[in-house]
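Note sheet for the following structure.
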Amino acid sequence: MYCCNCGNKLEDGAVVCIKCGVFVDNQNIPISKTVKKRKENNYLTGIVSIIIGIISFYLTIKVMIGGMGNVSTMSIENKVGYAINLTINPFIWALISFLIAIGSRNRNKILNIIGLSLSLLSIFFLLTEIVMVFIV
Ligand SMILES: [Zn+2]
């Protein structure tokens, strides 16, 4: 078995890692398995982040194309409600994608960066749309 802290190969029945000094008496899982599992999780969160990011981006674009009906004739109270209704759904998806991407252990993975970019792009477009509702 291997040390959970530094990965050093341990003697059978070892209580302390001679390399880093960490107690290893209850570590029954070899490091190769835990590291592998962690890598798979990184991969998975990256993909989930991208899929949700794509959904949020799609909804954002849909809002951008389909929205903005007769905003110019609305009162300011109606504009607030309109902006919220228009953007809340894609915003929630973008937020979920964003949180998954930044919550992942390995933030440097390319998949997480793509997911993060998609969600940030969606949020940026949504904020632009909210501003546009009040300008028009
Ligand atoms: Zn160690």
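All of the numbers you see were taken from the coordinates with simple rules; none came from a lab. Bear in mind that the values here come from a model prediction, so they are computed numbers and not experimental data. When we count neighbours, we look across all protein chains shown, and the Cβ atoms used for this are built from the backbone with ideal geometry, even at glycine.
Some observations on this one:
- Gain upon complete extension [ILE76, MET1; 0.36 nm per residue less C-alpha separation]: 20.3 nm
- Potential lengthening between TYR43 and ILE113 on full extension [0.36 nm per residue; Cα-Cα distance subtracted]: 24.0 nm
- In nm, spacing of pseudo-spin labels at ASN8 and MET64 (7 Å Cα→C-beta vector): 5.5 nm
- Counting neighbouring Cβ atoms within 10 Å and putting the fewest first, the residues THR87, THR128 line up as THR128, THR87.
- At an R0 of 41 angstrom, the distance between the Cβ atoms of PHE23 and ILE51 translates into a FRET efficiency of 0.50.
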